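In what follows, a structure is listed as structure tokens, so that the remarks can point back to it.
The values are calculated or read from the model by the stated rules, or taken from the named source; none is laboratory data. Note that the structure is a prediction, hence the values are computed from the model and not measured. Cβ placement follows ideal geometry from the backbone for every residue including glycine, while neighbour counts extend to all protein chains displayed. In case anyone asks, the SASA skips ligands and DNA or RNA and just uses the protein heavy atoms, side chains included. Shrake-Rupley method; radii C 1.70, N 1.55, O 1.52, S 1.80 Å.
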Amino acid sequence: MSRARQVVTVTADLVILTIRDGDLCVLVVERGNEPFAGRLALPGGFLRGDESLDETAARELSEETGVDASSLHLQQVGVYSAPDRDPRVPRVITCAYLAIAPDLPLPRPGSDARSAQWLPVSGARRIGLAFDHDHLLEDAVELARNDLQFRTTATAFCRDEFTIGELREVYEVVWGVGLDKPNFYRKVTDADGFVEPTGRKRQTGNGRPAALYRAGPASSVTPPMMRTRPGPRPGRTA
């Protein structure tokens with residue numbers, strides 16, 4: 001192995017997840033520049049000036065979605081440094097970030113993107129993303145799935161006020177499972193600090209108003225919501 005020091009550049013790539021029309025969706029952009037011009041990729045950009053990587057990620061999030069990162073669940077997924085992950089010179093190392101939010105607006109493309117869109121994660125897998133972004137996406141989705149077991153991450157997919165049914169849909173969409181309604185309700189409401197009742201109700205499609213909740217002060221779910229075996233969701237085929 002050569003002992004020569006490597007000159008590298010550093011980027012932050014964003015896996016921005018939301019739920020739209022019952023699907024787990026990821027923000028993707030169509031690249032306007034080489035390499036991979038015309039291919040879909042995750043949004044991201046190079047570290048600038050005296051930024052930290054966290055600041056780069058926050059800036060890119062704002063540029064790609066118009067959303068303030070301080071209002072979102074944003075965390076590091078990992079650092080990716082395979083020599084062939086990016087064909088540019090000097091070598092490009094990236095740190096992937098996971099951002100989660102409800103009802104994100106239609107995205108606007110950044111300066112080096114031709115277009116931006118929300119794409120179901122399943123569709124992104126079928127198409128295949130540029131660079132090693134398929135790997136980044138899979139790692140970020142798995143992180144979100146695991147977080148739902150032990151952390152209150154699920155409320156980040158919801159509006160400020162939500163029903164238990166809407167929270168259950170988050171688990172069903174992200175995990176790809178169908179969950180028992182009474183059992184889920186009991187687990188969520190028994191978990192200390194997970195959700196708090198607002199005292200208000202919202203009319204639902206079945207004519208019965210549903211109680212509204214907000215995210216509680218807890219950051220972890222106790223006891224944890226253990227992930228179940230994948231299976232058909234209500235109203236969907238396997």
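In segment 78-126, of all residues being of a type in the set (Lys, Arg) and within 11 Å of VAL29 (Cβ to Cβ), the one that is modelled with the highest pLDDT corresponds to ARG114. Being under 26 Å from ARG145 (Cα atoms) and in contact with an Asp or Glu (Cβ under 9 Å, 6 or more places away or on another chain) holds for only one residue in LEU74, LEU24, and it is LEU74. Of the strands (runs of 3 or more DSSP E) lying entirely inside segment 1-89, the ones with 1 or more residues being open to solvent by 70 Å² or more (accessible area, probe 1.4 Å) are found at 8-20, 44-46, 73-80. I'd like to know if segment 95-106 contains one or more residues that are among the aromatic types (Phe, Trp, Tyr) and either on the phi > 0 side of the Ramachandran plot or over 17 Å from the mean Cα position of the chain (by Cα) (or both). Within segment 95-106 (the criterion being among the aromatic types (Phe, Trp, Tyr) and either on the phi > 0 side of the Ramachandran plot or over 17 Å from the mean Cα position of the chain (by Cα) (or both)), the answer is no, since none of the residues qualifies. Inside segment 182-215, residues that are in a loop (DSSP other than H, G, I, E, B) and surrounded by 16 or more Cβ atoms within 10 Å (Cβ to Cβ) make up a count of 2.
Per the listing LEU106, LEU143, LEU179, LEU148, the residue uniquely open to solvent by 20 Å² or more (accessible area, probe 1.4 Å), touching a residue at least 24 places away in the same chain (Cβ under 8 Å) and over 21 Å from ASP54 (Cβ atoms) is LEU179.
When GLU166, GLU161 are checked against the criterion of being under 23 Å from ALA99 (Cβ atoms), open to solvent by 50 Å² or more (accessible area, probe 1.4 Å) and touching a Cys at 6+ places or on another chain (Cβ under 9 Å), a single residue qualifies: GLU166.
Per-residue answers, yes or no, for (1) modelled with pLDDT of 95 or more; (2) over 13 Å from THR153 (Cα atoms):
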| site | (1), (2) |
| --- | --- |
| GLU196 | yes, yes |
| GLY199 | yes, yes |
| THR204 | no, yes |
| LEU212 | yes, yes |
| GLY216 | yes, no |
| VAL221 | yes, no |
